[in-house]
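What follows draws every value from the coordinates through simple rules; no lab data is involved. Keep in mind that what you see is a predicted model, and the values were worked out from it rather than measured. Cβ sites come from the backbone with ideal geometry, for glycine too, and all protein chains shown count toward neighbours.
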Amino acid sequence: MREIAVVGGGPAGAMCGERLARAGYDVTIYDEHLAWEKPCGGGLTHKAIQAYPFLLSGPHPKKLIRTVELISSKGHRAHLDLEQPIVIYARTVLNGLLLERAEAAGCRVIRSRVNHIDADGARAILAVGDARVEADFVVIAAGARNSLLPSTRPLARSDLEMTLGYFVPAQAEGIRVKFLRRFEGYLWSFPRCDHLSVGICGSMARHTSQELRRHLHAFMAEEKISRDGATFYSHVLPSPQRQTLSSRRVVGRNWALVGDAAAWVDPITGEGLYYALRSGDLLAEAMIAGKAAEYPARVRKAFSADLEFATRIARRFYRGRFLGGAVATRMIQFIERSPTFRALMADVFGGAQDYCSLKRRLWAQCGTTLTEVVGSLVKSQPSLSKSAPAAGTENIP
Ligand SMILES: Cc1cc2nc3c(=O)[nH]c(=O)nc-3n(C[C@H](O)[C@H](O)[C@H](O)COP(=O)(O)OP(=O)(O)OC[C@H]3O[C@@H](n4cnc5c(N)ncnc54)[C@H](O)[C@@H]3O)c2cc1C
C-alpha cells in the first residue's frame, strides 16, 4: 500500500499526510479551499501543545491566553488563571502551517473538490473535479459536513451542534465563556492576534438557529462587543453520542475517517483540533505499522474512551441541578470561592485534566473545596457566623 489520497487538508488530513509522507508513502492531499478561515475558535489546549510543541514554538502568529472568564446564566463571574496557556490561531494560519509541513514532508497538495469516493474495489477511486484518480487507500478528513462515507453512516442531528459566530475587528487578552439557562451549549469570545472569534454552539436537535442568533446578539451587547465590521460565520460541529463513539465504523479495507469526519470532538467543550491532529497521527502510525485495522483500538486507548466518558457528563453538566441550582452556575460559584476547585477547573479548561480521572480528583478534594466555600461565604457574610439568615447568598444554599 503506497499511494494514499487524503481528502481534506485541515488539521486531521494535513497531519496524517505529513506523517505518511515522512514514512515514504506517496501522498496526495485534496482540499477544495486549502488554507482558509474555517469557522472556529482556533484554541489549542495544553494537551495539543504537549503532543505537538511546534504549535507553540514556531514563528507563525498566534495569541497566548492565560485567563478565562466564566459567566453563569445569572451573571455570576469567575476567573481562571491558566498555568499553561491556551494557544489561539486564526485558522488560515493554522491550516497553512500544517499544509506547509505536509508539503515539506513530500505530500502533493492539490486545490480541488472530491465529489465521490468508490471504495468497493481493491483500489479506491476518487472523482476529483472532472478527473478520476485511484489510490491504494483514502483518508477521509473532510470535516463534519461531508457525504464521502463509504460503508458507514453519516452523523445524525443528535450527533451535531450548530454554531454561529462573528469574526470581530477588536482585541482582548482573555477568553470569555458564558452558559445559558436550560441550554446545551455555550457562548464564547476567543481573542486572536488581530480579531476576536465570538460565537455560540448548541445542540442541533434541541435548539434552532434563530434561538442561537438571539442569544449571541444578546451576549455581544452585554459584553459590549460591537458587530460593526464583523464577518458572520456558521458551521456544524460534531457533538457525538456515546453510541456513535463506541460503534460507528471509522476504518475499512481501503479507507478511514479522521478528525471531525470521525466525530472525534469533545462533547462538552467542542474541542476538536487536538483530536483531529491526534487521530490523523494515530491512523498514520497504524498504517505505517501495517495495521490500519488497529486504528480504532489505538484511538480508543489514546482518547476516545475519555470522550465516551464525557458524553455521560455532558447532559448532566448542561441540564442538571446541584444544590438547587444549575450545575454550571454552581461550578462558577465554587470557582469564585475555592482556590482548590479553581485550580482543578483551570486544568479542565486548559486541557491538562482528562474526564476519566476527574471524578476521582473531585472526590479527593471534596472536603477541602467545601471547607473553602463555606469559609469564603462566612467571610463575605459576617452575619452568617451569628446564625442570621443568609441574605444575598441565595446563590449557594
Ligand atoms: C465555530 C466553531 C468553533 C470551534 N472552536 C474550536 C476551538 O476553539 N478549539 C478546538 O480545538 N476546536 C474547535 N472547533 C472544532 C474544530 O474546528 C474542528 O474539530 C477541526 O477543524 C477538525 O479538523 P478536521 O481536519 O477534521 O476538519 P476541518 O478542519 O473541517 O477540515 C476539513 C477540510 O476538508 C475540506 N473538504 C471538505 N469537503 C471536501 C471535499 N469534498 N473535497 C475536498 N476538500 C474537502 C475542507 O475545505 C476543509 O479544509 C470549533 C468548531 C466550530 C465549528
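Equivalent-ellipsoid semi-axes (√(5λ), Cα gyration tensor) for region 23-63, whole Å, largest first?
One finds semi-axes of 23, 18, 10 Å for region 23-63.
Compute the Rg/Rh shape ratio of region 179-313: radius of gyration over Kirkwood radius, all on alpha-carbon atoms.
Value, to two decimals: 1.06.
Enumerate the amide H contacts of L82 below 5 Å, restricted to partners 5 or more residues apart or on another chain; note that Pro and chain-start residues carry no placed amide H.
T67, V68
Taking 7 Å along the Cα-to-C-beta vector as the label spot, tell me the E83-D136 distance in nanometres, rounded to one decimal.
4.5 nm
Once fully extended, how much extra length lies between T368 and E100, figured as 0.36 nm per residue of separation less the alpha-carbon to alpha-carbon distance?
Stretched fully, the T368-E100 segment lengthens by 91.6 nm.
Hey, what D do you get for region 1-129 in µm²/s if you plug the Kirkwood alpha-carbon radius into Stokes-Einstein at 4 °C and 1.567 mPa s?
D = 78 µm²/s.
Could you give the semi-axes, largest first, of the ellipsoid that matches region 321-382, computed as the square roots of 5 times the alpha carbon gyration tensor eigenvalues and rounded to whole Å?
Over the Cα atoms of region 321-382, the ellipsoid semi-axes are 21, 13, 11 Å.
Kirkwood Rh over alpha-carbon pairs of region 148-201, then Stokes-Einstein at 4 °C and 1.567 mPa s: what D in µm² s⁻¹, rounded to an integer?
Answer, rounded: 97 µm²/s.
Students often get this wrong, so check it: of K301/K359; K74/K359; K62/K291; K38/K178, which have C-alpha atoms separated by over 29 Å?
K62/K291
How would region 1-55 be classified by its alpha-carbon gyration tensor: rounded, prolate or oblate, with rounded meaning a/c under 1.5 and the a/b versus b/c comparison settling the rest?
oblate
Helix by helix through the chain, keep the DSSP H runs that span 18 Å or more along the axis on Cα and average at least 0.0 on Kyte-Doolittle, and give those back in order.
Helix filter hits for the chain: 91-104, 273-288, 358-380.
Could you go through region 182-197 in sequence order and give the Karplus-derived ³J(HN,Hα) for each residue, using 6.51 cos²θ - 1.76 cosθ + 1.60 with θ = phi - 60°, rounded to whole Hz, and x for Gly and Pro?
With the stated coefficients, region 182-197 comes to 6, 9, 8, x, 7, 10, 9, 10, 10, x, 10, 4, 10, 7, 10, 9 Hz.
Say we join alpha carbon atoms closer than 10 Å with springs in a Gaussian network model of the chain; which of P339, P85, P39 then has the biggest fluctuation?
Highest fluctuation among the options: P339.
Between A23 and Q50, 0.36 nm times their residue separation minus their Cα-Cα distance comes to what?
7.5 nm
Using only the Cα atoms of region 39-91, each taken as one equal point scatterer with no solvent, compute I(q) by the Debye sum, divide by I(0), and report log10 of the ratio at q = 0.16 Å⁻¹.
Calculated log10 I(q)/I(0) at the listed q: -0.54.
Give me Rg over Rh for the chain, both radii from the alpha carbons and Rh done the Kirkwood way, two decimal places.
Here Rg/Rh amounts to 1.01.
Rounded, prolate or oblate: which one fits region 232-309, using the alpha carbon gyration tensor with axes a ≥ b ≥ c (rounded when a/c is under 1.5, else prolate when a/b beats b/c, else oblate)?
prolate
Multiply the residue gap between A221 and T152 by 0.36 nm, knock off their C-alpha separation, and tell me the result in nm, one decimal place.
20.5 nm
With both bridge residues required to lie in the chain, what share of the DSSP beta bridges run antiparallel, to the nearest 5%?
Approximately 70 percent, going by the DSSP bridge assignments.
Calculate how large, on average over all directions, the projected area of the Cα convex hull of region 157-238 is; give the answer in nm² to one decimal.
Mean projected area for region 157-238: 5.2 nm², to one decimal.
Show me 356-367, 294-305 ranked by packing, highest mean number of other Cβ atoms within 10 Å first.
294-305, 356-367
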